[in-house]
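Novice: Structure in structure tokens, see below.
The values are calculated or read from the model by the stated rules, or taken from the named source; none is laboratory data. Just so it is clear, the structure is predicted and the values come from calculations on it, not from any experiment. Quick reminder, even Gly has a Cβ in these numbers, built from the backbone with ideal geometry, and neighbours come from all protein chains shown.
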Amino acid sequence: MRPLPSAGPHLDRLIRRDQLDAVRASLRQALPINMLLGLASFLVAVHSGHGALGAAWFAASTLVNLLRLWLCRTPCPGLAMAPDEAPSSEAAARSIDRHLRLACLAGLLSGSVWAFLPILCAGYTSEQTLFYLTVTCGITAGAVMHGIAYARIPICFVAPPLFSVAVCLLAAGGFDRICLAATVLLYFVALVRSSIATERGFRETSRLKNEATALAEARRAAHASASALAEEMRGRAMHDGLTGLLNRAGFVQRLEERRAQGEAVCLMMLDLDGFKSVNDVYGHGTGDRVLREVARRIRAALPITCDAARLGGDEFAIVYDTLHTVENPAALADRLIRTVAEPFESFDAGRVGVSIGICDVTVDSLTHLLSCADEALYAAKHSGRNRFHLFDEVLSRRLEMRRDCERCLSQALAENALQVWFQPIFGRGGRSVTSLEALVRWHHPVHGWVPPADLIAAAAMAGLTESLLRFILEQVCAMLCTLRERGMSDLSVAMNVSPREMAQIAVDEIVLERLRALGVPTTRLEIEITEETALDIEAVQGKLLALSRAGIRMALDDFGTGYSSLASLRQLRADRVKIDRSLVTGLSEAEDKRGLVQAVLGLGRALGLEVIAEGVETADDLSTLQAMGCPFMQGYHLGRPQPADDILRILDAQAETARQLRFGA
């Protein structure tokens, strides 16, 4: 970008460039007139009988004029450069100065030729004197009039002939000639002053022009720079800095544009499987490299008409027009899964995969489209690694149910439409109830019984997680108070706390404050958590420690699946472990399951942990667990979840049976 001229060398070079350019233009106009006047002088000399002298003089004048024309047409590096560059270099500036000096010398030489004009009129004493004086005055005045850009050239030109006139007139003597000589000298001074003044005006005009030009160029450059910066900022605002793909904002905008154009949009939501373990084991630097490589693989595997984005973390998205893409969504998703699953450098193959949710149905809004794709992704992730799932009618009903639940949950909590049921946990090999597990239930007026997982998710989406937790806690505390009143204070009650609740809510403060307010012993409450809680152990460890120190027992649910490890038992401060139902169902017929259950039982004995087998559905499974020495059991075969009143009648009946046995004994 050309800098804005200032009162310095750069501006002066620009002005001198304009001066040289103007000098050349004016000389090309003035020299033909000079030559014509020279020809007229020659003809007058011939007519007056001085043909030889006139011819010699005219030849000299013509040669000098041709030299001056040649100089006007000689290439000059400073003039040949672009206007926004010249004369930026020292060499270009020197070439301009050199041409100006040569023009001055050529003007002086031409003026010197005209200084010999008196030889054609006997030193301005012949009868042709008036003609030659008139020509001399006219040509000098014309030189000044045309030489407004650079005063030195007209001064160099007019000085010799005017001084020649003055000297000749003084030499001729006589009052009138002496006065005329003085007038010529005064005329010379006036021409010099006029030349200097006009050059000063030209330089000022040139300065203003160059400053205005540079200012305009600076404004254009600034506008171009601002436009480029704005475009770059728009690009950055719409693209992910790590992968170069569209970011969430850019992707949503592109998705809206496609929908506005009437495209048959197919949306894919992708979530990496196993990426967290890469960050944990190899560090975030490796994780970033994996994300960049995954982005590259996704982009390379897609047709050019597809848009790809990184929405954040390890979540990606793809959108395209199904009418212009030959490959069907299932085939494309399968190819993407294979592409991402290829081995990465620096760690073992198979550690990273991808789950994909696909929505290619027509929906009424962008939000609905994103929700459908998210629902399909949720289904894909829960079906295993490296899977894809198409949004279908089943997921549509499920999504509709979740939406309705989100809308209705607040009112349901306010109206006590939710219920907490209790499922017994049996000890002594399944012979007597030793504790209860609280399970939230909601019979939606449209969708019927809502699965607990969907209820928890609806509460999270509606911002009612804490309200739901307080509702369940209130019902659990009421049950504990009732058990104490009926003389069953040895029974404990367990309530489930999801990883989201544990991480986002002050569970420890809420639970302990409510127990203190009701005077319920902390040892009668048990909190069940899943191993997924350990994934964000830093956020929950302090809460778990506070609950454990207060005497509340911790049970680790779904043990044997997911993230099971000895470290999770220690980090989550577990007192109990519950063997997942997937290991218990069909236990009597599966030797490998029996081996796993036996291992967990042995681990419990070694670590002093109570072990509960959940999901006991058949008599065969019950007898197998009894034979293996499992101390605690839970399942439909032993007792289903029931409302509080029903479970209390069962407990009353069990207590009555126990009294009768003692009385009979």
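Novice: Residues that are at pLDDT 90 or above: which helices (runs of 4 or more DSSP H) entirely in segment 36-125 hold 1 or more of them? Give the steps one after another, and end with the answer.
Specialist: On the way: elements: 51-73, 77-80, 90-115.
By residue number, 51-73, 90-115.
Novice: I'm trying to understand the selection: among the residues of segment 488-509, which are among the charged types (D, E, K, R) and modelled with pLDDT under 90?
Specialist: If the condition is that a residue be among the charged types (D, E, K, R) and modelled with pLDDT under 90, then 490, 500, 501 are the ones that fit.
Novice: So, one more: Of (1) surrounded by 20 or more Cβ atoms within 10 Å (Cβ to Cβ); (2) farther than 16 Å from residue 612 by Cβ; (3) at pLDDT 80 or above, residue 533 satisfies all except one. Which?
Specialist: (3)
Novice: Any idea how many residues of segment 347-359 are part of a loop (DSSP other than H, G, I, E, B) and within 28 Å of the chain's Cα centre (by Cα)? Talk me through it step by step, then tell me what you get.
Specialist: Quick first cut of segment 347-359, residues part of a loop (DSSP other than H, G, I, E, B) only: 347-352.
So of that shortlist, the ones also within 28 Å of the chain's Cα centre (by Cα) come out as 352.
Of the residues in segment 347-359, 1 are part of a loop (DSSP other than H, G, I, E, B) and within 28 Å of the chain's Cα centre (by Cα).
Novice: Of everything in segment 134-163, what is free of Cβ contacts under 8 Å to residues at least 40 places away in the same chain and out of contact with any helix residue (DSSP H, G or I) (no Cβ under 6 Å at 6 or more places or on another chain)? Give them in sequence order. Step through it out loud before you land on a result.
Specialist: Pass one, segment 134-163, residues free of Cβ contacts under 8 Å to residues at least 40 places away in the same chain: 134, 136, 145, 162.
Matches in segment 134-163: 134, 145.
Novice: Hey, among the residues in segment 274-287 that are in contact with a helix residue (DSSP H, G or I) (Cβ under 9 Å, 6 or more places away or on another chain) and touching a residue at least 24 places away in the same chain (Cβ under 8 Å), which one's farthest from residue 315 (Cα to Cα)?
Specialist: Applying the filter and picking the extreme gives 282.
Novice: On to the next question. Looking only at helices (runs of 4 or more DSSP H) that lie completely in segment 571-644, which have at least 1 residues being surrounded by 15 or more Cβ atoms within 10 Å (Cβ to Cβ) and of a type in the set (Asp, Glu)? Write out each step before concluding.
Specialist: Numbers: elements: 581-584, 591-607, 619-628.
Hits in segment 571-644: 619-628.
Novice: Go through segment 25-42 and count every residue that is touching a helix residue (DSSP H, G or I) at 6+ places or on another chain (Cβ under 8 Å) and without any contact (Cβ under 8 Å) to a residue 60 or more places away in the chain.
Specialist: Taking segment 25-42 and keeping what is touching a helix residue (DSSP H, G or I) at 6+ places or on another chain (Cβ under 8 Å), we get 26-31, 33-35, 37-42.
Retained after the next criterion (residues that are without any contact (Cβ under 8 Å) to a residue 60 or more places away in the chain): 28, 31, 35, 38-39, 42.
Residues flagged as touching a helix residue (DSSP H, G or I) at 6+ places or on another chain (Cβ under 8 Å) and without any contact (Cβ under 8 Å) to a residue 60 or more places away in the chain within segment 25-42 amount to 6.
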